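Report on the structure given below.
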Amino acid sequence: MPKRAKPISLHIDYLDIDGRTVPVTATHNPRARRIIVRVDLAAGSVQVTSPSRRGMAQALLFAHEQREWIAERLEQVPPPVPFKNGAHIPFRGREHIIRHVGTRRAEALGAEAERGPVWRVRSAETGGLPEIRVTGHASFLQRRVADWLRAQARAELNERALAYAEAFGVRPSRITMRDQTSRWGSCSPTRALSFSWRLIMAPPHVLEYVAAHEVAHLRHMNHGPRFWNLVREAIPNFEPAKTWLEIHGPGLHRYGIAPFDGPDA
């Protein structure tokens, strides 16, 4: 069976919309029947797809002609929230504050230093919102918080996926974390499970639902009645989690992204 044609990134352009520099990724997809312009509300970027390689210039011109429509769509994009000192981010569905505690000596931090360069402090200890505290140089803060969140997601999703695998009588070949924007989880024909690490920012019942959903695909590689019956057997009331992802899920992609300043001169 021939492989399905996949869109190939060919060029990146930029649009100046209301003083904001917006990246435009031009792609070629032979399956497309016409030029298509899409706005990624999670990343605040624009994708334009052309059905032919020769039509790339025309596709980019078409994107420029759609500036007004693109501007209207971009108004719906929430501002990015980099992982920096004082930033408010969700963790397991609860609002947390990132606190940079600098390069203090380990003995000054006491028992907290034994937890590693990043750890969580409960609201009972802070007297306010729970905190995610980070040691080290400020330039490492963004990466350290991202790595910590990925590690938390890996531990949580591995545990939940393996628990559902045992309950369903199946076994995944591997479990990986990714940062895809189009889906929250996937199950390949080789029985490999993949999850978005950003699920650790969602409420626990949402992560639970996605874990059960993908593991259920190890039994039924479709979305037929038997698949949904298996999901409902594990999580009788999964609809609220599904709805939460549809409404609030896209907003999770704005965390950890630095504001785009455009190309260097």
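Annotations for the structure displayed:
- Reported count of residues in the stretch 120-135, each being in contact with a helix residue (DSSP H, G or I) (Cβ under 6 Å, 6 or more places away or on another chain) and either surrounded by 19 or more Cβ atoms within 10 Å (Cβ to Cβ) or outside any loop (DSSP other than H, G, I, E, B) (or both), is 1.
- Scanning the stretch 230-239 for residues that are of a type outside the set (Lys, Arg) and surrounded by 12 or more Cβ atoms within 10 Å (Cβ to Cβ) yields Leu230, Val231, Glu233, Ala234, Ile235, Phe238.
- Some residue of the stretch 150-166 being closer than 27 Å to Val46 by Cα, among the small types (Gly, Ala, Ser) and part of a helix (DSSP H, G or I): no
- The residue that is modelled with the highest pLDDT, counting only those in the stretch 226-265 that are within 27 Å of Tyr14 (Cβ to Cβ) and among the hydrophobic types (A, V, I, L, M, F, W, C), is Leu252.
- Restricting the stretch 39-52 to residues that are over 14 Å from Ile12 (Cα atoms) and either open to solvent by 40 Å² or more (accessible area, probe 1.4 Å) or among the basic types (Lys, Arg) (or both), the residue that is nearest to the chain's Cα centre (by Cα): Ala43
- Every pair of residues 6+ apart whose Cβ atoms lie under 8 Å, when the first sits in the stretch 236-254 and is aromatic (Phe, Trp, Tyr) while the second is at pLDDT 90 or above and surrounded by 17 or more Cβ atoms within 10 Å (Cβ to Cβ): Phe238/Tyr209; Phe238/Ala212; Phe238/His213; Phe238/Val231; Trp244/Ala202; Trp244/Pro203; Trp244/Val206
- Sole residue being of a type in the set (A, V, I, L, M, F, W, C), at pLDDT below 95 and open to solvent by 40 Å² or more (accessible area, probe 1.4 Å), chosen from Ala167, Ala155, Ala138, Ala151: Ala138
- All of Arg191, Arg174, Arg226, Arg183 fail the test of being in contact (Cβ under 8 Å) with a residue 24 or more places away in the chain and charged (D, E, K, R), apart from Arg191.
- The condition (being buried (at least 17 other Cβ atoms within 10 Å of the Cβ), within 22 Å of Ile257 (Cβ to Cβ), in contact with a Leu (Cβ under 6 Å, 6 or more places away or on another chain) and of a type outside the set (Lys, Arg)) is satisfied by just one residue among Ala63, Ala26: Ala26.
- In the stretch 133-178, the residues that are in contact with a Lys or Arg (Cβ under 7 Å, 6 or more places away or on another chain) and farther than 23 Å from Val121 by Cα: Ala165, Phe168, Val170, Pro172, Ser173, Met177
- Count of residues meeting criterion [farther than 18 Å from Ile89 by Cα and either crowded, with 19+ Cβ neighbours inside 10 Å or not charged (D, E, K, R) (or both)] in the stretch 182-204: 12
- Residue in the stretch 80-102 that is open to solvent by 90 Å² or more (accessible area, probe 1.4 Å) and at pLDDT below 80 present: no
- Any chance Glu72 is modelled with pLDDT of 85 or more and of a type in the set (D, E, K, R): no
- Flag for Trp197 being aromatic (Phe, Trp, Tyr), farther than 18 Å from Ala155 by Cβ and without any contact (Cβ under 8 Å) to a residue 60 or more places away in the chain: no
The values are calculated or read from the model by the stated rules, or taken from the named source; none is laboratory data. Since we're looking at a predicted model, the values are computed, not measured. Ideal geometry is used to build each Cβ from the backbone, glycine not excepted, and the neighbour counts take in all protein chains shown. Only protein heavy atoms, including side chains, enter the accessible area calculation; ligands, DNA and RNA are left aside. Shrake-Rupley method; radii C 1.70, N 1.55, O 1.52, S 1.80 Å.
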